[in-house]
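Colleague: Shown below is the structure under consideration.
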Amino acid sequence: QCLLSGSWRSDTGCRMVISVLGKDGSFSGSYLPGPAAGNSKILTSPLEGSQQDAGLVPQPTFSFTVRWRLRAQMTAFLGQCYVGTNGEETLHALWLLREAADSPAEDWKSTR
C-alpha cells in the first residue's frame, strides 16, 4: 500500500517531508527545492494536501500546494503514488507554478 507519510527526494534533488496523514487523507509538511537542498540559508516552504483513501485503491492519487516563503509564488502538484514489483513506492506528479501578477494584463506570464 502506498502512503505519502515520510521523506521523499525527487530526481532533481528536491526534498519533501510529509507528516502523518489524517483520517480524511489530509497532510502537511515541508518542501525544499533541489538547487537549494544543499544551502542551509534557504528556508523550507510549507505544503498542504490530501491523498485519496489508500484503503479504496492501492496506488492512490494525491494533490498538494507549496506556499513559497521567500517569493510571491505558489506551486500545485497533482499525481499518483505507485508501488513497484519490488515494493518500492514512487511518486509521479505534474506541477504548476503561479507567480503574483502586477495586473490582469500581466496574467498570461504568471503561470508555468
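Colleague: Using R₀ = 22 Å, calculate the FRET efficiency as 1/(1 + (r/R₀)^6) where r is the Cβ-Cβ separation of Y82 and T12; round to 0.05.
Modeller: Details: r = 18 Å, r/R0 = 0.84.
So the FRET efficiency works out to roughly 0.75.
Colleague: What's the FRET efficiency of L3 with L96 using the Cβ-Cβ distance as r and R₀ = 22 Å, to the nearest 0.05?
Modeller: Details: r = 25 Å, r/R0 = 1.12.
About 0.35, to the nearest 0.05.
Colleague: Among (i) 2, 8, 9, 12, 11, 10, 10, 7, 5, 4, 5, 5, 4, 4, 3, 1, 0; (ii) 2, 11, 19, 23, 17, 13, 8, 4, 2, 0, 0; (iii) 2, 8, 5, 6, 5, 5, 5, 4, 5, 4, 4, 4, 4, 4, 3, 3, 3, 3, 3, 3, 2, 2, 2, 2, 2, 1, 1, 1, 1, 1, 0, 0, 0, only one was calculated for this model; which label is it, if the read-out is P(r) over Cα pairs in 5 Å bins from 0, in percent?
Modeller: (ii)
Colleague: Now for a separate question. Taking all protein chains in place and a 1.4 Å probe, what share, in percent, of the accessible surface of the chain do carbon and sulfur account for? Don't skip to the answer; put the middle values down first.
Modeller: Working: 4050 of 7420 Å².
With neighbouring chains kept in place, the figure for the chain is 55 percent.
Colleague: I would also like to ask the following. If I measure Cβ to Cβ between cysteines in the chain, which ones have no partner under 4.7 Å?
Modeller: Isolated Cys, the chain: C14.
Colleague: Given contacts defined as C-alpha pairs under 8 Å and at least six residues apart, what's the relative contact order of the chain, whole-number percent? Working shown, then result.
Modeller: Numbers: 224 pairs, mean separation 19.3, N = 112.
In percent, rounded to a whole number, it is 17.
The values are calculated or read from the model by the stated rules, or taken from the named source; none is laboratory data. All of these numbers come straight from a predicted model, not from anything done at the bench. Cβ: placed from backbone, ideal geometry, glycine included. Neighbour counts: every protein chain shown. All accessible areas refer to the heavy atoms of the entire protein, side chains included, with ligands and DNA or RNA removed. Shrake-Rupley method; radii C 1.70, N 1.55, O 1.52, S 1.80 Å.
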